[in-house]
Every structure is written in C-alpha cells, then in structure tokens.
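Here's the structure we're looking at; comments come further down.
The values are calculated or read from the model by the stated rules, or taken from the named source; none is laboratory data. Keep in mind the model is a prediction, meaning the values are calculated, not measured. Cβ: placed from backbone, ideal geometry, glycine included. Neighbour counts: every protein chain shown.
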Amino acid sequence: MRGFGFSLSMLTALGLVCLGGCTANIAGQQQGGPPLGTAGSTMAAGGGGGAGVGGTGSTAPLGGPGRVAMHRLNVTEYNNTVHDLLGTDQRLSENFPPDDTAYGFDNVASALSMTDVTLSYYIDAAKKLATEALSPAKRASVISCNLEAGKEACVSDSLNAFLPKAWRRPTQPDEVTRLVALYTANKTDGATDDEAFGRVLQAALLAPSFLFRIEQNSGVAGARPLDGYELASRLSYFLWSSMPDAELTGAAANGSLSGDAGLSGQIARLLADNRASSLSQNFGSQWLTLRSLENVHPDAMVYGSFDDSLRDAMREETMRFFADIAAGKRALSDFLTTNSGYVNDRLAQHYGMPAVGSTTPTFTMLPPARGGLLTQASILTVLAHPKESAPVLRGKWILNQLLCKDLPPPPPNVPQEPAAATGTTRRERLAAHRVEPTCKACHDMMDPLGLALENYDGIGQFRTMDAGAPIDPSGTLSDGTSFQTPQELAGIIAKDPALPRCVAKHLFTYGLGRSLRADSDFDTAMLDAATQSFTNSGQLLPKLVEAVVMSDVFRQREDEAAQ
Amino acid sequence: MSRRSLGTSLGQRGFLSRRALLRGAGVTLALPFLESVAPRGLRAAPPSAPVRLMYWFIPNGILYDKWIPKTAGMLDPLAAPESLVPLADAGVLGDVNILSGVDNLCGYPETVGDHASGASAMLTCVPAKKVIEGVELGISVDQVAAATLGQLTPRPSLELGMAKSGGVGDCDSGYACAYAQTLSWNDKTTPRPKRTDPKDAWLWLLGTEDASLTVEQRERMRRGDKSVLDYLLNEATGLGPKLTSEDRVKLDQYLTSVRTVEKQLDSAAVPVECQSAKPPENSTDYIKRLGAMMDVMEFAYRCDLTRVVTFGLGNAFGPGPMPWIEIGDDYHSLTHRMTDPGVPEQVAKCILWEVQQIAAFLKRLKAMPEGDHNVLYNTAFFVSSDVGEGGPHNHDNMACLLAGNAGGAIATGRHIAYKPEDPNAKRLAAKRTAADRAAAIAIPNSNRLANVHLSLLQAAGVPATSFADSTGPIPGLLNT
C-alpha cells in the first residue's frame, strides 16, 4: 500500500482549509487577462512555496542551458533497459525501493539517490541477469565466440560488441581491458569460464556507466552541445523510458542526430514506436496524478459498488484518451471538452449509460453529464475523501496540474473547520468558511472550480442532490466570468492559454529530469517558445514533444571548469 | 539446541569474524561463551547478550489526555491512561518507560509542512532544508548505531515500513517527498530507502548464499563478489575527475554504497540453523503484511542478523483509512477535524490500535528467552511520531515511548516527566521561521529528543558522546 503523501495531502486534512498569501493581488490580477490563466506565474509545479522551489540544486549559471545531474536509472528505466539490452522478460526492478519523486515525477535526476540498500537490489538483479544471459537460449546476445576455446580473446571480442550498447556510448580499450582482467582474476581463483564471464557481465551491469546516465564534464566552463550519444540517451529515455536502439545509436555515431533534420526525424520515428507508450504510462499517469488511483480507499459503507474492476475501468478510460493525445490523434484541449470516451461495460454501468457490450474499453459517445477529463471517474475518485467528494482538492488540482497556478501553502494553525451540521450542503459549508479573511483569498480561487464538480460524488457517480438539496454547480471565477455547468467550466479551461503552457512546463520537467528554473530567463524563453509551437499546432502533443527536444535546454548542457 | 543456549551462544557469535566462523562451521555455535573473543572496552560490563535498538514511527501524533499518566513515577497497570491500556493488557507496561515533555523543536517547519519536517526530524533531530530538489537533513540515529553495532552482525541495519515511498508532488507544502517518507538517512543528503515487502526483507537478511554449498565454494563466491566490487570502486574512482562537482556528490553516494556492501561481505555469517527458515509471504492486506513484518523483525533479532531496526506503521500522513478497526476516513484527515462530533473518539481508536500493535510485538520479544533474561530486556525500543498532537501540529511534548532495559542499562515501568529549563525555546520555534527555530535550538534545554537518542545509543554500547543537537544524556533515564 502506498502512503497518502501526495501533493494534496495537506489539504486532505480539512476538505477545506484556510490559505494565507493568496493576496487580493494574486486573486484579482487576472482582470483583463485570461480568466484563470497564469502565463507569468511561478515555474515550479507542485504548490511549493519555500526557498529553493523551482531550483535544481545546480550552480549552473541562470543565463545558460543548465545541466542535469547524473541520473540513476529509475525502476521503470531499469526494467525497460535490461529488457532492450538483454531481451529478458524478468521484471527485476519491480521490487526495488520506489524512487523518490520531485515535482510529481519519479525521473527527476537530483531526487534519484543511491544507497547500499538500493545497490544490493541492483547486485541481486545483475546476478540473475548474468545467469540468464549465459543460458543457451540467450547466450548469443552477449557472447559471440567459443569462450572455453577463446578465453581472454573471446571475452574481449564479446565486450567490444556488448559494452558500447550497455553503456550507451563508445568505450575505450582500457575499459574493456579492465573487465577482461576481472575475468582472468576469477579464472585464476578457480572459477569456470561461465562463472568468470558471469562476473564480467555483473560488473558491466553495475558499473556507473550502466546504472547512471552520465554526461561527462569537459572541464571547460560554459554551454556546449551534447554529443550524439548523450543526446540519444536523453531522447530515448524521454520518449521510451529506455536505452537508445541501434538506429538511434547509429544516428549518434554518424553525426546526423546533431542536426535539426536528423533529430526531428528520430523524434518522429521514436514516437511512432510501441515503446513510446511509456509517455502515457510515465508522463501521462504522473502528470494527471492517476497513479494515486491505486491507493484510494473509498469507504465500502458509502461506496459499496467500488471494486478493482471499476478501478481498472476508470484508469483505462483516462489512459487511453491520453494515449490518443500523445499520439497526436486529438488536441490537448479535447481532453477537457470531448463528448466521447473509452468505456467498458463496468464503467458504463457506473456512468448510468447503456452497456457497450464489451469488457474492453470501447470508444463511444457519452451521455450529456459525461465527457472530458473533469468528469472522468478516475480523476474524481483520486480527488476525493474516502467518504465524500473533495471540492477543495479538485479545485486545487485544476489550478496546479492544468494551469500551473501555484497556491501558497496553508498558514500554520489552520482554524478548525466548522462542524458539519446535518443537512448542510457542501456549498454552504464552504461558503461559511470563505467568510474568514485568511481563507477567503485562496478559497475564492479553488472552491468555485471544485464545487462545479459536485454533481460527481467521491467515486465519480453522477448525482443531483446533496444533503437533501439540489446541487448547484454554477459559479463565478475571480475575474467575474460565470459558468452554469461543469461542461462550461471545462470549456473555459480548454481555452485558457495557461493550459498549454502548463502542460509544456510539466513535459519539460519530465523530459529533462529537472524542473525549469523559475529565475532563469534562458529556461523561460525555452518554455515560451515550446508553448508557442504547441499552441500553433492546435495543441498537438507530438509537436510539443518535438519543441521540447529541439530546445537548447534539451540539446545543450553547461559544463564547469576543471578543478 | 535449546532456545536458551542458542540465545547465549548468539550473544557472542557476532563478535567472531565471518572467516573464523566459517572455518569452524557447525561447531562454533555450540561453544560456550568465549572471553577471548568478547569486545573489550565497548561496554562497562561484559555482555551476556547483544543489545539491540529498534525505532518505531507512528504517524499523526498522540492525544495527551489519553497517553500521558497524570503523575510522574511508577506506571500503575490498574490506572494506565486509555492509550496505554493495551500495554498493561499484554503484560508489558512494566517493561515500558513513558517520557513526557520531550521536545523535538527541530521538527518545526518553516511556516508549514509539519508532517514532512517532523517525520524527518524524528531520528535525525535536524531541521529539514525546505526544498523539493536538493534535500539536506542529517544522519539518523539508527545509522549512527549501525556504524558500530552493524559490524557485529550479518547486516548492519534493517529499515522496514508499511507504506512505500514514492508519491506525487511536493508531498508536504514545499518539503521534498523524501522527508515525509524516509526515517533513516545515511548522511546529510542521502535518504535510506526502506523495505516494504516482508518476504524480500527476510531473504535479504539471509543473504543469497546457498546453504548447500561447501565452505570452500562459499568462500570462492565471496571472493568473486569482492572482485566485482573492487572493480566497481576502481571504475567509479576513475570517473571522478570527468564529472562536475555536483555529480561527484552522486558518485560519492555510489562509492559509499559499494564500500558498505563490500564490508558486509566480511561480516558475520548467518547462523546455520537460521539459513533454512521459511520467509513469510508478502500481502496486499495491511494486517497480514504487518504480521509478516513483525515476523521479520523477530527473526532478525532471534538469529542476531542485525541489531538495528527502523519501522514505520506508515509514512507521514499515513496509514490512511483503517477499515480493520472501522475507521473509513483517512486517519490524518480525522486529526484535523477534532471539533467534529465523534472524531476525537475515532482518533483515540486509531492510537489505541497502534499501541496494541506495539504491545503485541513487545510481548513477542519478551517471550524469547535470552541469557538470564529475554530479548525485550536486551533491547532499547523507541516509539515516536512526526507531530506531538495531530491537530495542533506541535513539535514539543512528543510521543516518547521506550521499552526494554537495553541489557540492564535502563530501569523500566516509569513515567518520567520533563520540563524545559527555558520555556522560551518552544515559543520561539513555534513562530515557524528558520531563524526562530535556530534560536530555539540554541537554548540548551535538556528535555530534547536528541538527548533521548544519545542515551539509547550509550545504553546499547555505542561509544557516542553527542548526537545532533544533544546537550547530553537525558537526565534520569540511564541507570547510574
């Protein structure tokens, strides 16, 4: 069971809380601007507020492309990489300690630390992989000659082929020599040929050059273009969460990857590959906080119909829609405004619509109360308390995840929520709370968004009554814009220029493995340009992916002077 | 071999080198206590049995009126506060000390983020740097202990938790997730992952050695493992000059990890009679998994596989709803709604359940004879939380439940009530700025949590004279 420590945890406390710092200035500054938008708001996702938020822990100059820390392969990347390298189907890293996340993503380099605990898992995995690789069926993928006859020469030949793949870069002769020496030492100690070569494979799979994505420092301070192999790794781990394949490595070797046309062609090729589904599984699910769906515990007394098959159907609806967006089949804004979706019989029952005649999610028209991300049961269930909906969480989620509008954290010594009197609606309870001046500024921003979704209960079932009174989803935003229905609100969000910019910001964090620096004009210019391309394309995600990769912040790094 | 003689022999087994043990495999364990291999100068008196440390985390604090006895002095099983009744029922109240009035002012966040800052401060007594990337904290007390006690056992320490790390977003108001989810820290910048799968933890404790191999074969395996680690050290060291200073910090983490694993190759071997013990199964069911976790911890102590264990009943904010005691709401959320009718009773129920688990486990340790006493007697067991009470989010007057006699260093059955010499410290820290917190910590009050940690280290034979912001052993805890 995962913990409840997700970004909204502070707010789960109350269901409504008071927030300080949402000054009238912030709340009211949209006058004349986008209704919800935050084109100029802070860069840091995740609603932080303390010193260092939006930083990367790096001392690289703000006026340059910055750098990404040496990046340990995370759980997903390790599994995918050993699969692509060795053809193994062992999912060895699934039992590894989960990776720490930052800004909502588990691939932020600075948060991926190494300890003897983690290393001991990598060691066990390397032993299992080496054993499998030397089995008769797999042997040819790592060894190209007769080991018993060829001895050191065979080890050397095999490594010359294997090591550059494993380490994702050309290797030096002395790097091979040192591994051959390891073979010899083990042989001298009485190991069999296979045992000794197994040690060599283990060592190769535990070396820093395998376990980490390393961009070496040139020793000359300043920005430099990534070399082809560094760029190939950044690209393949962004789009595939795995190592470069032979063709991408070839493009790195012949220099074509470093040109715009070559890079652009590789982006298109990688996106068309099955492995690009990792963008949905890793970027999509984390951006939308969908992984939390695995950890929700709707109260069985209140939501007796909730079960794992419903949970699966909910997840599939959102993931399949995201996959269409990732593939460029639909615009991002469609995610908010669509009237169709992927529903199976279980979810159709939950939505009160006719069965679709399949246990597999089927693309179909939805009833008027459904359509769009904000009405999907997955998100509504993640953003709920075990026994009831959570309008404040929902409002905060829209602001943080869709619009990158970061609210300051609640002040200390939050006043207690007024006791929920029987027969009081959620809207009345929240309204009572907003009278408090310390609560009003932020809740004026969050509450109307969340209350617009009150027709959907804690597991996303449609309802029209709350505490004996009809639900009124209408609301007015802080700039005075009014809406009557959740669909109208979704339409407003879909048109908000903050939406594409926010998705771009999240995608940069994921793609780079670091957050954009809030105080860096260089990074901000990259975000502006990528957002512009994305918007110009009609919000097609592959165009945004391309814009991120083609940006200087992705293709360059800042080196430091040798010490 | 009887349980008792096993325990006695295990007491000194850890002091033998792995090689010595392997040479005499199957014989060593039956030998009587050997004076010649006992460590000298580590403890005042020759140990009759190993002393262990165990650190338990319970999320969301306690309720003072249901936890703290009304008077200081001996605990009365017939008048135990409501939350402590399970200890009396399990017959272990006399093995417990309740410390009240112990402050951990380092746990105060800058403005907010109490659960992350408090959880990370529980075993470090260092204020967390408020960042999402680039965490800075300090070494945790269990790792200080492991540096000494860990040399005596097959594994230096064991970190377990009921909830996985990972999660979404900043986790707590600008504090990195690692603070909210990791109790144990290798050093200032390295959170130490916990194991959440009991079967996996059990197998790791045993090591990957195949019990059917001969001593000769195993020694060769060990040399092969070592050859790989030596290669990695060499390879990583050569990489250093080719990296930025920031990356060299990461490389240092790697080098330290390799060296630590290498040291474990030379550590004591798993006793033969423990090697074939069957591990418990993992389960998605919380209660079943908790039972399995207790099996693992008991196993670790029974076979002396490690003497330092950290365990969290959840992460900060955890453990979520507790349907097994009919708590359908998120426990953490409940602590924020203490004015709602019926909620204080539900929170009390959550805490009572936690103490029931502690009591059940203490009872198991007590039921294992060892030397002239039992394993609980030879343990220093520590329980605390991220916040004092869940509602106010204070970091003074923290939960501080100690159990076991640390091999005779601590008398139990007491409520020891502490007060700060200067009450201004907690008022300052509660202003929730970094500067006020630093000023508060600088006031040398003796009722600080770091002093409790220091006392327990000393009770367990760790030659520490200070820990974090300690001013000295907490008064009145250790036998003089």
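Among A:Leu347, A:Leu336, A:Leu380, which is the only one that is assigned to a helix (DSSP H, G or I), more than 23 Å from the chain's Cα centre (by Cα), at pLDDT 95 or above and hydrophobic (A, V, I, L, M, F, W, C)? Outline the logic, then answer.
Working: A:Leu336 fails: more than 23 Å from the chain's Cα centre (by Cα); A:Leu380 fails: more than 23 Å from the chain's Cα centre (by Cα).
Just a single option satisfies the conditions, and that option is A:Leu347.
Before we move on, is B:Ala180 facing chain A (nearest Cβ under 10 Å), in contact with a Ser or Thr (Cβ under 9 Å, 6 or more places away or on another chain), small (Gly, Ala, Ser) and over 23 Å from A:Asp124 (Cα atoms)?
In short, yes.
Which residues, counting only those in the stretch B:175-189, are among the β-branched types (Val, Ile, Thr) and buried (at least 24 other Cβ atoms within 10 Å of the Cβ)?
Initial filter on the stretch B:175-189 (among the β-branched types (Val, Ile, Thr)): B:182, B:189.
Correct list: B:Thr182 only.
Scan (1) of a type in the set (Asp, Glu); (2) within 23 Å of the chain's Cα centre (by Cα); (3) surrounded by fewer than 16 Cβ atoms within 10 Å (Cβ to Cβ) for the single condition A:Glu317 breaks and write down its number.
Exception for A:Glu317: condition (3).
Do you know which of the residues in the stretch A:493-518 that are away from every other protein chain (no Cβ under 14 Å) and surrounded by fewer than 20 Cβ atoms within 10 Å (Cβ to Cβ) is nearest to A:Leu62 (Cα to Cα)?
Checking each candidate, the answer is A:Pro497.
For the stretch B:211-281, list the helices (runs of 4 or more DSSP H) that sit wholly inside it and hold at least 3 residues that are more than 23 Å from the chain's Cα centre (by Cα) and within 13 Å of chain A (Cβ to nearest Cβ); which are they? Give the steps one after another, and end with the answer.
Values: elements: B:215-239, B:245-265, B:272-275.
In the stretch B:211-281, B:215-239, B:245-265 are the helices (runs of 4 or more DSSP H) which contain 3 or more residues that are more than 23 Å from the chain's Cα centre (by Cα) and within 13 Å of chain A (Cβ to nearest Cβ).
Among the residues of the stretch A:491-499, is any touching a strand residue (DSSP E or B) at 6+ places or on another chain (Cβ under 9 Å) and in contact (Cβ under 8 Å) with a residue 40 or more places away in the chain? So that I can check it myself, show each step before the final result.
Residues of the stretch A:491-499 touching a strand residue (DSSP E or B) at 6+ places or on another chain (Cβ under 9 Å): A:491-492.
Subsequent filtering for residues that are in contact (Cβ under 8 Å) with a residue 40 or more places away in the chain retains A:491-492.
There is at least one residue in the stretch A:491-499 that is touching a strand residue (DSSP E or B) at 6+ places or on another chain (Cβ under 9 Å) and in contact (Cβ under 8 Å) with a residue 40 or more places away in the chain.
Identify, by number, the condition in (1) touching a residue at least 60 places away in the same chain (Cβ under 8 Å); (2) under 19 Å from B:His115 (Cα atoms); (3) touching a Phe, Trp or Tyr at 6+ places or on another chain (Cβ under 9 Å) that B:Ile132 doesn't meet.
Result: B:Ile132 passes all but (1).
Is there a residue being at the interface with chain A (Cβ under 9 Å from one of its Cβ atoms), modelled with pLDDT of 95 or more and outside any loop (DSSP other than H, G, I, E, B) anywhere in the stretch B:78-92? Lay out the reasoning, then the answer.
Narrowing the stretch B:78-92 to residues at the interface with chain A (Cβ under 9 Å from one of its Cβ atoms): none.
Within the stretch B:78-92, none of the residues are at the interface with chain A (Cβ under 9 Å from one of its Cβ atoms), modelled with pLDDT of 95 or more and outside any loop (DSSP other than H, G, I, E, B).
Please pick out the residue among A:Glu388, A:Glu294 that is under 30 Å from A:Lys505 (Cα atoms), touching a residue at least 60 places away in the same chain (Cβ under 8 Å) and of a type in the set (Asp, Glu). Walk me through how you get there before you give the answer.
On the way: A:Glu388 fails: under 30 Å from A:Lys505 (Cα atoms).
Exactly one of A:Glu388, A:Glu294 is under 30 Å from A:Lys505 (Cα atoms), touching a residue at least 60 places away in the same chain (Cβ under 8 Å) and of a type in the set (Asp, Glu), namely A:Glu294.
For A:Asp523, work out the one condition from (1) modelled with pLDDT under 95; (2) more than 28 Å from A:Arg370 (Cα to Cα) it doesn't fulfil.
(1)
Table: residues versus (1) within 13 Å of B:Ile98 (Cα to Cα); (2) at pLDDT below 95; (3) touching a Leu at 6+ places or on another chain (Cβ under 7 Å); (4) not aliphatic (A, V, I, L, M).
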position	(1), (2), (3), (4)
B:Ile410	yes, no, yes, no
B:Pro420	no, no, no, yes
B:Thr433	no, yes, no, yes
B:Arg437	no, no, yes, yes
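Just give me the residues in the stretch A:69-122 being part of a loop (DSSP other than H, G, I, E, B) and more than 7 Å from every other protein chain (Cβ to nearest Cβ), in sequence order. Explain how you work it out, then say what you get.
Taking the stretch A:69-122 first, the residues part of a loop (DSSP other than H, G, I, E, B) are A:69-70, A:73-74, A:87-91, A:96-101, A:103-104, A:106-108, A:112-115.
Passing the criteria: A:Leu73, A:Asn74, A:Gly87, A:Thr88, A:Asp89, A:Gln90, A:Arg91, A:Phe96, A:Asn107, A:Leu112.
Could you tell me which numbered condition B:Thr284 fails, if it satisfies all but one of (1) outside any loop (DSSP other than H, G, I, E, B); (2) free of Cβ contacts under 8 Å to residues at least 40 places away in the same chain; (3) within 14 Å of chain A (Cβ to nearest Cβ); (4) surrounded by fewer than 23 Cβ atoms within 10 Å (Cβ to Cβ)?
(1)
Being under 10 Å from B:Asp469 (Cβ atoms) and surrounded by 24 or more Cβ atoms within 10 Å (Cβ to Cβ) is the filter here, so list the residues in the stretch B:442-452 that pass it.
Within the stretch B:442-452, B:Arg448, B:Leu449, B:Ala450, B:Asn451 meet the criteria.
Within the stretch B:132-147, does at least one residue satisfy the condition of being surrounded by 24 or more Cβ atoms within 10 Å (Cβ to Cβ), away from chain A (no Cβ under 11 Å) and farther than 16 Å from A:Thr115 by Cα?
yes
Of the conditions (1) surrounded by fewer than 22 Cβ atoms within 10 Å (Cβ to Cβ); (2) within 27 Å of B:Arg259 (Cβ to Cβ); (3) touching a residue at least 12 places away in the same chain (Cβ under 8 Å); (4) of a type in the set (Val, Ile, Thr), A:Val200 satisfies every one except a single condition; which number is it?
So the condition that A:Val200 fails would be (1).
Only one of B:Asp340, B:Asp330 is surrounded by fewer than 21 Cβ atoms within 10 Å (Cβ to Cβ), of a type in the set (Asp, Glu) and within 19 Å of A:Arg429 (Cβ to Cβ); which? Full working, then the answer.
Working: B:Asp330 fails: surrounded by fewer than 21 Cβ atoms within 10 Å (Cβ to Cβ).
Every option except B:Asp340 fails the conditions.
Return the residues of the stretch A:226-273 that are without any contact (Cβ under 8 Å) to a residue 24 or more places away in the chain, over 21 Å from A:Pro170 (Cα atoms) and surrounded by 15 or more Cβ atoms within 10 Å (Cβ to Cβ); say none if nothing qualifies.
A:Arg269
Quick one: in the stretch A:178-225, of everything that is under 19 Å from B:Leu255 (Cα atoms) and among the aromatic types (Phe, Trp, Tyr), which residue is farthest from the chain's Cα centre (by Cα)?
Among those that are under 19 Å from B:Leu255 (Cα atoms) and among the aromatic types (Phe, Trp, Tyr), it is A:Phe210.
Can you go through B:Thr412, B:Thr433 and tell me which one is farther than 30 Å from B:Val296 by Cα and surrounded by fewer than 24 Cβ atoms within 10 Å (Cβ to Cβ)? Full working, then the answer.
Details: B:Thr412 fails: farther than 30 Å from B:Val296 by Cα.
Among B:Thr412, B:Thr433, only B:Thr433 is farther than 30 Å from B:Val296 by Cα and surrounded by fewer than 24 Cβ atoms within 10 Å (Cβ to Cβ).
What pairs come out if I take residues in the stretch B:365-380 that are under 17 Å from B:Ala90 (Cα atoms) and pair them with residues that are of a type in the set (Phe, Trp, Tyr) and at pLDDT 95 or above whose C-beta lies under 9 Å away, six or more apart or interchain?
Going by the 9 Å Cβ cut-off, the qualifying pairs are B:Leu365/B:Tyr301; B:Leu365/B:Tyr377; B:Leu365/B:Phe381; B:Lys366/B:Tyr377; B:Met368/B:Tyr301; B:Val375/B:Tyr301.
Take the stretch B:109-126 and flag every residue that is more than 12 Å from every other protein chain (Cβ to nearest Cβ) and not polar (S, T, N, Q).
B:Gly118, B:Ala121, B:Met122, B:Leu123, B:Cys125, B:Val126 - these are the residues of the stretch B:109-126 that are more than 12 Å from every other protein chain (Cβ to nearest Cβ) and not polar (S, T, N, Q).
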